[in-house]
Amino acid sequence: QKEVEQNSGPLSVPEGAIASLNCTYSDRGSQSFFWYRQYSGKSPELIMSIYSNGDKEDGRFTAQLNKASQYVSLLIRDSQPSDSATYLCASYGQNFVFGPGTRLSVLP
Amino acid sequence: KAGVTQTPRYLIKTRGQQVTLSCSPISGHRSVSWYQQTPGQGLQFLFEYFSETQRNKGNFPGRFSGRQFSNSRSEMNVSTLELGDSALYLCASSRGLYYEQYFGPGTRLTVT
């Protein structure tokens, strides 16, 4: 059973701080990795994709991938209350596998 | 570009009935995947279609089936509905395998 694991949280950070979200995956054949954000009652929306080892930055978001350690992370700089949501990590090997999500709360 | 659309958005059915959900992907996208989301189980993979072929199927009973048409639109069908099938059913499309998926708004199914 291919799995993606995440700390369910909640993770609470003050406004303006850096939020760090982590994820591990079990399928060494995974080729692609993704972070999604899901607000309560809404469908997931794509934040970032990452395909190769290293860092990828997009605005306030930085994704990091380490295939040797089977580890993916997402950093959110200058966190805002509007970032409060559940963050889903996903990998694609044979098909998409989603983690259970980490609930992030940004406190004003 | 229009996003992924799903119809209907809400559905109430009775145990034993069957239901068909529809998904129209983003124009040009050839891959469609379906997921079931419940509070306790998170996002569970149902199936993935690419160019009308089912590539993968998740660990769901045979009551759950799907198909993809030549225009990439997809349908999923659940027969003999059970109370436990109450969930948000999400469709996602992508331009191909391994690429990012974009989700539709979902169909909220309630089985009574």
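The values are calculated or read from the model by the stated rules, or taken from the named source; none is laboratory data. Owing to the predicted nature of the structure, the values given are computational and were not obtained by experimental measurement. Using ideal geometry, Cβ is built from the backbone for each residue, glycine included, and neighbour counts are taken over all protein chains shown. For the accessible areas, the whole protein counts, side chains as well, though only heavy atoms, and no ligand, DNA or RNA atoms are used. Shrake-Rupley method; radii C 1.70, N 1.55, O 1.52, S 1.80 Å.
Would you mind checking the pairs A:K42/A:K67; A:K2/B:K1; A:K67/B:K1; A:K2/A:K42 and listing those with alpha carbons more than 28 angstrom apart?
Values: A:K42/A:K67 31 Å; A:K2/B:K1 33 Å; A:K67/B:K1 34 Å; A:K2/A:K42 26 Å.
Table pairs above 28 Å Cα-Cα are A:K42/A:K67; A:K2/B:K1; A:K67/B:K1.
Roughly how large, in nm² to one decimal, is the mean projection of the convex hull of the alpha-carbon atoms in chain B? Working shown, then result.
Details: hull surface 25.7 nm².
Computed as one quarter of the Cα hull surface, the answer is 6.4 nm².
Mind checking the dipole of chain A: about its Cα centre, +1 per Lys or Arg Cβ, -1 per Asp or Glu Cβ, Debye to the nearest 20? Could you put the intermediate results ahead of the total?
Values: 9 positive and 10 negative charges, 35 e Å.
Charge dipole of chain A: 160 debye, to the nearest 20.
As I understand it, the dipole of the protein assembly as shown uses +1 on the Cβ of Lys and Arg and -1 on the Cβ of Asp and Glu, about the Cα centre. Which of B:W34, A:P44, A:S82 lies farthest toward its positive end?
The one lying farthest along the dipole's positive direction is B:W34.
Based on C-alpha coordinates, I'd like the Rg and Dmax of chain A, in Å.
Rg and Dmax of chain A, Cα atoms, are 13.1, 41 Å.
About its Cα centre, how strong a charge dipole does chain B have in debye, to the nearest 20, once Lys and Arg get +1 and Asp and Glu get -1 at the Cβ?
Values: 12 positive and 6 negative charges, 31 e Å.
Magnitude of the dipole: close to 140 debye.
Provide, in order from the shortest bin, the percent of all Cα-Cα pairs of the protein assembly as shown in each 10 Å bin, continuing until the bin that contains the maximum pair distance.
P(r) for the protein assembly as shown, in whole percents per bin: 8, 33, 35, 19, 4, 0.
Could you point to the residue in B:Q44, B:Q54, B:S24 farthest towards the positive end of chain B's charge dipole, with +1 and -1 charges on the Cβ of Lys/Arg and Asp/Glu respectively?
Value computed over the given set: B:S24.
Kindly compute the accessible surface that chains B and A hide from a 1.4 Å probe when together, both sides summed, and give it to the nearest 100 Å².
Details: alone 6040 and 5830 Å², together 10400 Å².
Looking at B and A, the buried total is near 1500 Å².
Counting heavy atoms of the protein chains only and a 1.4 Å probe, report the per residue accessible area for chain A as a whole number of Å².
Details: 5080 Å² over 108 residues.
Dividing the accessible area of chain A by its residue count gives 47 Å².
Can you list the residues of segment A:30-47 that have at least 10 square angstrom less accessible area with all protein chains present than in their chain by itself, probe 1.4 Å?
In segment A:30-47, residues shielded by partner chains: A:Q31, A:S32, A:F34, A:Y36, A:Q38, A:G41, A:S43, A:P44, A:L46.
Report, by chain and number, residues whose modeled amide H sits under 5 Å from the one on A:G93, excluding near sequence neighbours (fewer than 5 apart, same chain).
Under 5 Å from the amide H of A:G93 lie the amide H atoms of A:Q31, each far enough along the sequence or on another chain.
Collect residues whose amide H, placed 1.01 Å from N in the peptide plane, falls under 5 Å from the amide H of A:S105; neighbours closer than 5 in sequence don't count.
A:L11, A:S12, A:V13
Counting only other chains, what is the mean number of Cβ atoms within 10 angstrom of the Cβ of each residue in peptide A:88-97?
Numbers: counts 2, 0, 4, 0, 7, 1, 5, 10, 13, 4.
The per-residue average across the peptide is 5.
What residues have an amide H closer than 5 Å to that of B:R63, excluding those fewer than 5 places away on the same chain, when H is modeled at 1.01 Å from N in the peptide plane?
none
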